[in-house]
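Engineer: Provided herewith is a single structure, encoded as structure tokens, for subsequent inquiry.
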Amino acid sequence: MASISTPSSGRSRNKRTCRGSSPPQASSSGGESKGSGRIRQVNEEELEVEIVNREKPLIIDFFATWCGPCVMLQKELEQVAETLGDSVQILKIDCDENEGISSALQIQGLPTLIFVGMDADKPALRTEGLLPAQSIIDIIQNEM
């Protein structure tokens, strides 16, 4: 199983902040969507099952509904899902509803994307902040 490494810091849970240069935009789907086609929102337990049983690379979006860049990332992830189709699985996890795993992984900057490939010996990749769809696609195609 690929591991999602946690930073080795002795700090306890820190307050998360939004990362991104664009202001928040109102969106009805935003981060609150429980699933939009190929993008599915999961809880901590479901995430662990999905990681263990994955049959394709995973993109895990750690978000908060109050985070403007997180809302904007939803549209980018929809473009990624449209472009890559069934070759990747996109999961979303609300940090406010799943504080245990968010703290364990020291998710501090939102949105945070974690990319889990199929090679169990290769560590997961992690990014913070708003990324354009093409950058996410490039990571999946070149790093996973």
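No value in this document is a laboratory result; all are computed from the given coordinates. What you are looking at is a predicted structure, and each value in this text was computed from that prediction instead of being measured. Virtual Cβ from ideal backbone geometry, glycine too; neighbours counted across all protein chains shown.
Engineer: If the viscosity is 0.692 mPa s and the temperature 37 °C, what Stokes-Einstein diffusion coefficient in µm²/s follows for region 67-130 when Rh is the Kirkwood radius over Cα pairs?
Structural biologist: After rounding, the answer is 252 µm²/s.
Engineer: Can you give the local net charge around residue 119? Use residues other than it whose beta-carbon is closer than 15 angstrom to its beta-carbon, Lys and Arg +1, Asp and Glu -1.
Structural biologist: After counting each charged neighbour, the total is 0.
Engineer: Around residue 56, what is the net charge, scoring Lys/Arg as +1 and Asp/Glu as -1 over all other residues with Cβ under 15 Å from its Cβ?
Structural biologist: Here the count lands on -1.
Engineer: Give me the compactness ratio for region 96-144, meaning the Cα radius of gyration over 2.2 N^0.38 Å.
Structural biologist: Expressed relative to 2.2 N^0.38 Å, the Cα Rg reads 1.26.
Engineer: With θ set to phi - 60° and the Karplus curve 6.51 cos²θ - 1.76 cosθ + 1.60, what are the ³J(HN,Hα) couplings of region 129-144 in order, to the nearest whole Hz, using x for Gly and Pro?
Structural biologist: These are the phi-based 3J(HN,Hα) values: x, 6, 10, x, 3, 5, 5, 5, 4, 4, 4, 4, 6, 9, 10, 9 Hz.
Engineer: Residue 80: net charge of surrounding residues, Cβ under 15 Å, Lys/Arg +1, Asp/Glu -1, itself excluded?
Structural biologist: -2
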